[in-house]
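Take a look at the structure set out below.
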Amino acid sequence: MWSIGPIGFVAPWLLLGLIALPILWILLRAVPPAPIRRRFPGVALLLGLTDDENQTDRTPWWLLLLRILAIAAAIIGFAGPVLNPQNAREGSGNLVILLDGSWAGAPSWQARIDRVETLLTEAALADRLTAVINLNDLPVGELPFAAPSAWQNRLPNILPKPWQPGDPAGWFAQSDEAFETYWISDGLDWAGRDDLLAELESRGAVTVFQTPRQTVGLRPSRFEDGQVIVSATRSPIGNALDTNVTAIGLDPAGVERQLATVPLSFAPGDAVAETAMVLPPELRNRITRFEVSGTRSAGAVSLTDDALKRREVALIAGRDDREGLELLSPLYYLREALEPTADIIDGTLEDILLANPDVIILADVASLAGTETDSVLEWVENGGMLLRFAGPRLAASDMGRDAADPLLPVRLRSGGRSVGGAMSWGEPKTLAPFAEDSPFYGLPVPEDVTVTSQVMAQPDPTLAERVIAQLTDGTPLVTRQLVGEGQVVLVHVTANAEWSNLPLSGLFVQMLERLAVSTRPVQPDATELEGTTWLPNKVLDAYGRLEDGSALPGVAGEVLGLGVPGPDLPPGLYAGGDRQFAINVIGAETLLTVAQWPARITIEGMDIVRETALKGWLLSATVLLLLIDVIASLAVGGRLRGPRADVAAALVLLMLLAPQAQAQSTDDFALRATTEVVLAHVLTGDPETDDIAQAGLLGLSQTLFRRTSIEPAAPVGVNIETDELAFFPFLYWPVTADQPLPSREAYAKLNRYLRTGGMIMFDTRDADTARFGSGSPEGRKLQAIARSLDIPSIEPIPSDHVLTRTFYLLQDFPGRYASRDVWVEAAPMNAEQVEGMPFRNLNDGVTPVIIGGNDWARAWAVDNNGRRMFPVGRGMSGERQREIAYRFGVNVIMHVLTGNYKSDQVHVPDLLDRLGQ
Amino acid sequence: MTDPLTLRSTAEALAAPLPPLLAEAEHLASTVLLGDHGRRRAGTGDTFWQYRPAQAHDEARTIDWRRSARSDVNFVQDKEWQIAQSIILWVDQAASMSFRSHDNLPSKAARARTLGLATAILLIRGGERVGLTGLRLPPRRGEAQLMQMAQLLSLADDTDYGAPEAQGMLPHSRALFISDFLGDLKPIEDALLKAADRGVRGALLQVLDPQEEAFPFDGRTIFESMSGALQHETLKAGDLKARYLDRLAARKDRLQHLARTTGWQFQTHHTGESGTNALLWLYGALERHA
């Protein structure tokens, strides 16, 4: 294929035809447009007149240009132009297509797969055996060479993984086959990449497909000075980049929401950006992850674990009467130990419970008031942790002596004991190593921690299992009891240094951490994790989506300790015991680096340019130009006159203006119908009926305008097929025998209209000859129309219907005819007349239909001069009937617009008075 | 070729609303043909003029006994001296007259024929003698003449442009020429001068198609006369419009001038207009006192 720039030609030789264009120009120029022969008697007067200018002897240049362009377009079109022609890739032998398949490629994974697909198509054309290999998901065994078409079917199964490849070089080294490699890179460097490249180059040529694009990785957040610090790294390092980081977590209702969003800006040339998020602790503790907005990649998601959580700890001391002796305060050491890692709440117990803290520490508090006990117990059962420290008060009290106190894990013996003091035997006791089932297991026990006094637990069959720390002599130091979802822990010594120097030691802090009173700021080290098993709670996929990980096997603590995500440690949230640990794709120190390739490697872009055949467009242009030429030739030749010109102009106008005109008219219609109250009648297609309906509604509108506060604009006719009905509160529908049934869409519209509070007044206009329901043609047509309408059950207007008193007090509803057969929605079955009330409490709403045949429109109709158009009845009684017809119209419109307003009983006395009752 | 009966009936229809047209007898001393135009003095004629006392030379049979019985003298009825006017029509029947620019318009010839025959009907009803130029149809009166005239007017001529024949024009009679006057003016001029020499007065009615007035053409066009004998090719018909209209105006002016010098009347009528207007004008023109 021969090409110019991005355009190639299938049959370039045809383009030689373009050379002929100048010749054609000259030829065409010499041929003037064919003359019209006209019979014209006035020719005698023309004899001897010569043309002023001879220009039209030749075709006008623009017409000529038009034709030349048309021919050029045809020539180029037939030459088969193709935009972005794809030159098939040369090559032979086996082919390996490698995909990095890491999270960095996830945002544009489909583009990669598309690229692979085109490569496979080309390979299929070249008949090459191919293997598509995801470096993150290496197949087992040999290189899986297969026909490209087979691979095309398997492409959807190749998915990115949320980690970087391990050591694929070794895998490739298993065999020594020769192959060519197309390597679709994610653009990030990783550890074994150079080795793999060397290995692949030893087998054959390597071509790399890579698009430079910014990859942003979100590092784990950390907590500093009351702020959450969010940092991100990027690659390649380039210009300023502004993005947002969103904190996502559960709201109090348990629904996942965006809790906060902060902008994150990379300065030009900086690889790392940081921003601080200031959040109230309640909100902060609910954060489950951070995300870089708008990026679908595991690297743009950072899960939070306990490290970010700051537990709320309430401190209550039983003895606060010793002012100034800070070091002796029972809370001093606790405060010191907890302040860096927890939020401390002070206050009375009632206030604290309202704040629902994670932990309440009672230091030497003996007893609580009865209600307090209950509410604390309830709080514990709902997951709270009550940590109590012993002290002189507790020792002196009778708490838990005789019966187990629900707020103490064990029963206590009275008095406690002192050892190693001046007045006692023995040495101060040291701590025994922690048992394996203790939460403190693994903490080193310093030798210098001694206990001189303690409260003693009552020996009890359950005591052993409640002890989680004990002294060398076997007496319990810390006991715990699980209560509901929470726990009660008692430390048998004081929280200050009076009874023991434990609060002075580092062990105290560690024990608090283990009890999850405070959260530890650092990752657990490998020794600590040794032998533990962690269960994946949630795992991330490469796109940064959280998935349930409960089906995955547990992960050994050693692996977790390395913190490097991989096939055996998918990034996610791991739970072990009461702790959670997040493995993120990006570590705190991770720097993303761009994959650099040696100069000898060919690097191609990722973009697939699709071939676009332009032939059709060009040939269309040819036809279009020729059509223009036809019209232009007619115009130049003077033939575009009379009907031809009219038709041409009409066509052009129609094409240009029709849609706008339509839109314009729709808008006008809506505006006209909505700026004021507008009564509407359904167009029946019978001009006379429509005119009468229009005139009738005009008369009614004028009456309403004069007599009531309703001031309608001029009525409009509504085509139920095309017009919007929702604008109109009221539709008058004169039924003619020969009007067409509405279409399905129109029925849907009508039913929607009726359901949403519209009213249709059907008028069969035959009350002079037919009774309601009898077989007049209009009646039958009404039945046909109403069959598909959503009309409720109806009844003749009862004498206490609200229509009889919405404005005028009426008992007759005449139009031009005075039949009493006027039907409205039936009253509900349970409508009962209350004793002493003249009206039943009828349906709560507007009747959607009024059906009758009194030809109201003729009674209301006025012409443009305001004169009555049709006689009603005879003489004065006829005028009275017309007046009543108007009053009925007023009542109907009032009913439509005010609903059941008059249905209430407020006006009953006045009405009774006027009714003479 | 038009059906003479149709032509007659359309012409009758056109003439119906008008009162009989009485052409003024201006001076007919040498026209011995008697007609119904009262000379306001006693003479030969049919219409009663006045009673006069019988003279000795009056024959006895001329005495009006009914009048004489009311008095002592014998009275004789004097008849008014009446002569009939002769009117010669020339309706151009050449090919150029058969032009019509639109299907809804009558051709010029049709309109000219109708107008001519309508005038003839009015004149004959008024008792005049009507004939055609040349020696085809000498002036005569009566319904039969109309039939013959309609017959002759329905014939079409193949020549491009017609010329009136001055033959057969009685001295001091009246004449009516209906044509488009688009052909050579010389024969018309000659005919008019000749007629003027003989003391014939009359009217020229130019019947034109609206297109001939407007010249709404553009582009490369070959204009042909109706028979195709004359041709004119132009490449830009639109450019010719002004000059064509100038020439047309000049021609009308010439005709007007000619008419004025010879004491004739000239008017242009378009087929797009109602024929009644033209007939009214003809009525006026032929009725006009010299």
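Data for the structure
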read-out	value
Scan of the stretch B:230-241 for residues that are among the small types (Gly, Ala, Ser) and facing chain A (nearest Cβ under 7 Å), ordered by number	B:ALA237
Pick from the stretch A:460-492, criterion part of a strand (DSSP E or B) and of a type in the set (Val, Ile, Thr), ranking: farthest from A:ALA403 (Cα to Cα)	A:ILE468
Odd one out for B:THR119 among (1) in contact with a helix residue (DSSP H, G or I) (Cβ under 7 Å, 6 or more places away or on another chain); (2) away from chain A (no Cβ under 14 Å); (3) in a loop (DSSP other than H, G, I, E, B)	(3)
Subset of the stretch B:143-201 (residues that are in contact with a strand residue (DSSP E or B) (Cβ under 8 Å, 6 or more places away or on another chain) and not hydrophobic (A, V, I, L, M, F, W, C))	B:GLN145, B:GLN148, B:GLY162, B:PRO164, B:GLU165, B:GLY168, B:SER173, B:ARG174, B:SER179, B:ASP180, B:ARG201
Lone unmet requirement of (1) surrounded by fewer than 21 Cβ atoms within 10 Å (Cβ to Cβ); (2) over 20 Å from B:PHE177 (Cβ atoms) for B:ARG198	(2)
Residue satisfying condition, being modelled with pLDDT under 75 and either out of contact with any Ser or Thr (no Cβ under 8 Å at 6 or more places or on another chain) or outside the structural domain of A:THR288 (by TED's automatic domain parsing) (or both), within set A:GLY554, A:GLY577, A:GLY572	A:GLY577
Residue within the stretch A:161-169 that is under 21 Å from A:ALA205 (Cβ atoms), assigned by TED's automatic domain parsing to the domain that holds A:GLY204 and surrounded by fewer than 20 Cβ atoms within 10 Å (Cβ to Cβ) present	yes
Some residue of the stretch A:370-380 being over 18 Å from A:VAL478 (Cβ atoms), touching a residue at least 40 places away in the same chain (Cβ under 8 Å) and touching a Pro at 6+ places or on another chain (Cβ under 7 Å)	yes
Candidate set: the stretch B:174-187, residues that are out of contact with any Gly (no Cβ under 8 Å at 6 or more places or on another chain) and crowded, with 24+ Cβ neighbours inside 10 Å; chosen: the one farthest from the other protein chains (Cβ to nearest Cβ)	B:PHE181
B:SER154 within 14 Å of chain A (Cβ to nearest Cβ), surrounded by fewer than 24 Cβ atoms within 10 Å (Cβ to Cβ) and touching a residue at least 12 places away in the same chain (Cβ under 8 Å)	no
Test result for A:ALA693, touching a strand residue (DSSP E or B) at 6+ places or on another chain (Cβ under 9 Å), outside the structural domain of A:ARG780 (by TED's automatic domain parsing) and either among the aromatic types (Phe, Trp, Tyr) or in a helix (DSSP H, G or I) (or both)	no
Residue that is part of a loop (DSSP other than H, G, I, E, B), surrounded by 16 or more Cβ atoms within 10 Å (Cβ to Cβ) and more than 9 Å from chain A (Cβ to nearest Cβ), where the choices are B:PRO164, B:PRO171	B:PRO164
In the stretch A:48-81, residue nearest to the other protein chains (Cβ to nearest Cβ) [restricted to those that are outside any helix (DSSP H, G or I) and at pLDDT 80 or above]	A:ALA79
The stretch B:68-86, subset among the aliphatic types (A, V, I, L, M) and at pLDDT below 85, residue nearest to B:LEU155 (Cα to Cα)	B:ALA84
Selected residue (only one of A:THR371, A:THR341 is modelled with pLDDT under 80, of a type in the set (S, T, N, Q), buried (at least 19 other Cβ atoms within 10 Å of the Cβ) and assigned by TED's automatic domain parsing to the domain that holds A:VAL451)	A:THR341
Flag if A:SER149 is closer than 26 Å to A:ALA191 by Cβ and part of a helix (DSSP H, G or I)	no
Strands (runs of 3 or more DSSP E) fully within the stretch A:154-256 counting 1 or more residues that are basic (Lys, Arg) and in contact with a Ser or Thr (Cβ under 9 Å, 6 or more places away or on another chain)	A:222-224, A:227-235
Which numbered condition B:ARG247 fails, given (1) at the interface with chain A (Cβ under 8 Å from one of its Cβ atoms); (2) more than 30 Å from B:GLY116 (Cα to Cα)	(2)
Tally, over the stretch A:13-41, of residues that are modelled with pLDDT of 80 or more and of a type outside the set (Val, Ile, Thr)	16
Which listed residue is hydroxyl-bearing (Ser, Thr, Tyr) and crowded, with 19+ Cβ neighbours inside 10 Å, from B:THR234, B:THR159	B:THR234
Test result for A:LEU502, outside the structural domain of A:ASP100 (by TED's automatic domain parsing), at pLDDT below 85 and either buried (at least 18 other Cβ atoms within 10 Å of the Cβ) or not polar (S, T, N, Q) (or both)	no
Tally of residues being without any contact (Cβ under 8 Å) to a residue 24 or more places away in the chain and buried (at least 18 other Cβ atoms within 10 Å of the Cβ) across the stretch A:698-718	1
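So that you can scan it fast, the table gives a plain yes or no per residue for (1) modelled with pLDDT of 85 or more; (2) within 7 Å of chain A (Cβ to nearest Cβ):
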position: B:ALA191; (1), (2): yes, no
position: B:LYS194; (1), (2): yes, no
position: B:GLY228; (1), (2): no, no
position: B:ARG243; (1), (2): yes, yes
position: B:LYS252; (1), (2): yes, no
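The values are calculated or read from the model by the stated rules, or taken from the named source; none is laboratory data. All of these numbers come straight from a predicted model, not from anything done at the bench. Note that we place each Cβ from the backbone using ideal geometry, even for glycine, and neighbour counts take in every protein chain shown.
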